[in-house]
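Notes for the one structure printed next.
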Amino acid sequence: MYLQGFIGGIVAELCCNVIRNPFELMKQHMQVGNEATLSGVYSYMRTHHGLRGFYMGLGTLLLREIPYSCIQMPIYEAAKLQCVGPNKQFMRPHETAIAGFVAGSIAGVLTNPVDVVKTNIMTQRTLIYKNARDC
């Protein structure tokens, strides 16, 4: 059962992030001040890197998102079991929030180095880093 959950999560992350990557890339460029508008980022990327440029950092995005999900979900499920106990069916809203906070915090701390690499790859104006190893 756990293996199915992991495989399902990996497939979901692959599908989701293929769509998400161009938007994440444009957001990152705006956050670091490379361009002021979405249309400016789009024009720059299209002119200098072509459509393929919108997928710069996809590998590192997946290197962050897949482990994040694989770390977060088991911790969240374990926290739910601790909160629910034998006599309750559902978690109260504050218990759900605490379980999500703990699980997300642990996963975020553990995957943060890969997030830094992803951001560096996505926001480079000229091709300095070809992949995560270069970065």
Being over 20 Å from PHE23 (Cα atoms), acidic (Asp, Glu) and surrounded by 15 or more Cβ atoms within 10 Å (Cβ to Cβ) narrows it down to one of GLU65, GLU95, so name that one. GLU95
Step by step: first the residues of the stretch 25-51, then only those that are of a type in the set (Val, Ile, Thr) and under 14 Å from GLN124 (Cβ atoms), then the one that is least open to solvent (accessible area, probe 1.4 Å). Which residue is that? VAL41
Could you pull out the residue among PHE54, PHE90 that is aromatic (Phe, Trp, Tyr), free of Cβ contacts under 8 Å to residues at least 40 places away in the same chain and open to solvent by less than 80 Å² (accessible area, probe 1.4 Å)? PHE54
Please work out if GLN89 is of a type in the set (S, T, N, Q) and more than 28 Å from ALA132 (Cα to Cα). yes
All but one of (1) surrounded by 13 or more Cβ atoms within 10 Å (Cβ to Cβ); (2) touching a residue at least 60 places away in the same chain (Cβ under 8 Å); (3) of a type outside the set (A, V, I, L, M) hold for THR111, so report the exception by its number. (2)
Do we have LEU14 as over 19 Å from THR119 (Cβ atoms) and under 18 Å from the mean Cα position of the chain (by Cα) here? yes
Please determine whether any residue of the stretch 17-24 is of a type in the set (A, V, I, L, M, F, W, C), touching a residue at least 12 places away in the same chain (Cβ under 8 Å), crowded, with 16+ Cβ neighbours inside 10 Å and outside any loop (DSSP other than H, G, I, E, B). no
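The values are calculated or read from the model by the stated rules, or taken from the named source; none is laboratory data. Just so we're clear, the structure is a prediction, and the values are computed from it rather than from any experiment. Positions of Cβ are generated from backbone atoms using ideal geometry, with glycine treated the same way; all protein chains shown enter the neighbour counts. Just so you know, the surface numbers come from the protein's heavy atoms only, side chains and all, with ligands and any DNA or RNA stripped out. Shrake-Rupley method; radii C 1.70, N 1.55, O 1.52, S 1.80 Å.
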